[in-house]
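**Q** Here it is: the structure, laid out below.
The values are calculated or read from the model by the stated rules, or taken from the named source; none is laboratory data. Note that the structure is predicted; figures quoted are calculated from it, not measured. Counting neighbours? That spans all protein chains shown, and the Cβs are built from the backbone with ideal geometry, glycine included.
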Amino acid sequence: MKYIVFLLYSLSFISLYGQKAEEITINNNTIKSIVIEDDAIFKININTTSTKAIKITSKIEGEYSKRTHLLTQISNDVLSITSVYPKLTTKTDDKLNAHKVHSIEIAIEVPENLSLYIKSAIASAKISGTYKNLILELNQGNAKVLNFAGNATINTHNGNITLETNNAKIKAKTKTGTIKSEKITQSTNQIKIASINGNIKIYKTKN
């Protein structure tokens with residue numbers, strides 16, 4: 001039976017004029033996957049650590065920062081992270097609020113060997129560490145996947161892609177961009193990279 005559990009976590013925040021910082025620590029060793037599917041977050045930084053806890057730090061700026069926050073919830077063994085912010089109700093509101101930009105940045109520390117799925121129309125993402133599987137779907141933002149170990153599918157529309165890994169079987173293609181690749185040792189890890197307009201750079205991890 002599918003169920004949703006709203007998390008019990010430790011939460012701290014600092015709120016200044018026009019900006020807010022939050023820190024969430026989640027201790028739940030049943031989590032196997034993390035999903036971030038959000039079009040308001042514009043910068044995502046995730047790395048793996050040797051600890052079992054998941055630590056999420058957010059920085060929210062703009063006129064609506066006090067009414068904007070992250071929502072975290074668990075469904076079965078999946079942790080979902082989204083943003084909650086005031087909805088604009090009319091076309092007039094859209095025009096009036098077009099210049100009242102709010103921005104959200106998140107940094108997350110996670111245990112190794114989790115699966116990670118990220119989809120965003122605006123975000124740039126920097127991912128590093130060891131994962132079971134990474135799926136990254138970005139429209140405008142760039143993707144940097146550094147010191148990476150695991151399987152991955154990385155797609156962008158306009159964003160550039162930088163991959164740094166030691167061992168993987170890599171397939172890369174871009175429609176209008178360029179590809180620059182160092183020689184990577186073949187392994188059972190599968191990494192597929194594709195972009196419409198972005199450039200792709202593949203490097204061997206520097207020790």
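**Q** Mind checking whether some residue in region 191-205 is among the aromatic types (F, W, Y), over 12 Å from the mean Cα position of the chain (by Cα) and not in a loop (DSSP other than H, G, I, E, B)?
**A** Within region 191-205, one or more residues are among the aromatic types (F, W, Y), over 12 Å from the mean Cα position of the chain (by Cα) and not in a loop (DSSP other than H, G, I, E, B).
**Q** Examine region 111-118 for a residue that is more than 30 Å from T51 (Cβ to Cβ), touching a strand residue (DSSP E or B) at 6+ places or on another chain (Cβ under 7 Å) and not hydroxyl-bearing (S, T, Y), and state whether such a residue exists.
**A** no
**Q** Give all pairs with beta carbons closer than 7 Å in which a residue from region 128-151 that is surrounded by fewer than 23 Cβ atoms within 10 Å (Cβ to Cβ) meets a residue that is of a type in the set (D, E); count only pairs at least 6 apart in sequence or on separate chains.
**A** Once the first residue is surrounded by fewer than 23 Cβ atoms within 10 Å (Cβ to Cβ) and sits in region 128-151, its partners that are of a type in the set (D, E) give G129/E112; T130/E112; L146/E164; N147/E164.
**Q** Here is a follow-up. If the Cβ limit is 6 Å and pairs must be 6+ apart or interchain, which residue in region 23-38 that is assigned by TED's automatic domain parsing to the domain that holds H69 pairs with which residue that is basic (K, R) and in a loop (DSSP other than H, G, I, E, B)?
**A** Sorted first by the residue in region 23-38, then by its partner, the pairs are N29/K52.
**Q** Name, by its number, the condition in (1) surrounded by 21 or more Cβ atoms within 10 Å (Cβ to Cβ); (2) on the phi > 0 side of the Ramachandran plot that does not hold for V110.
**A** The number of the failed condition is (2).
**Q** Do we find that K144 is in a strand (DSSP E or B), under 13 Å from the mean Cα position of the chain (by Cα) and not polar (S, T, N, Q) in this structure?
**A** yes
**Q** Quick one: would you say T176 is outside any strand (DSSP E or B) and over 16 Å from K144 (Cβ atoms)?
**A** yes
**Q** Has region 89-105 got at least one residue that is at pLDDT below 95, under 29 Å from T51 (Cα atoms), assigned to a strand (DSSP E or B) and among the aliphatic types (A, V, I, L, M)?
**A** yes
**Q** Report, by residue number, each residue of region 126-154 that is closer than 15 Å to I108 by Cα and among the small types (G, A, S).
**A** Once the filter is applied, which keeps residues that are closer than 15 Å to I108 by Cα and among the small types (G, A, S), region 126-154 yields S128, G129.
**Q** Exactly one condition in (1) surrounded by 19 or more Cβ atoms within 10 Å (Cβ to Cβ); (2) within 24 Å of A53 (Cβ to Cβ) is false for N155; which is it?
**A** Going through (1) surrounded by 19 or more Cβ atoms within 10 Å (Cβ to Cβ); (2) within 24 Å of A53 (Cβ to Cβ) one by one, N155 breaks only (2).
**Q** (1) buried (at least 17 other Cβ atoms within 10 Å of the Cβ); (2) without any contact (Cβ under 8 Å) to a residue 40 or more places away in the chain: which one isn't true of T188, the others all being true?
**A** (1)
**Q** Does K169 count as of a type in the set (K, R) and free of Cβ contacts under 8 Å to residues at least 24 places away in the same chain?
**A** The answer is yes for K169.
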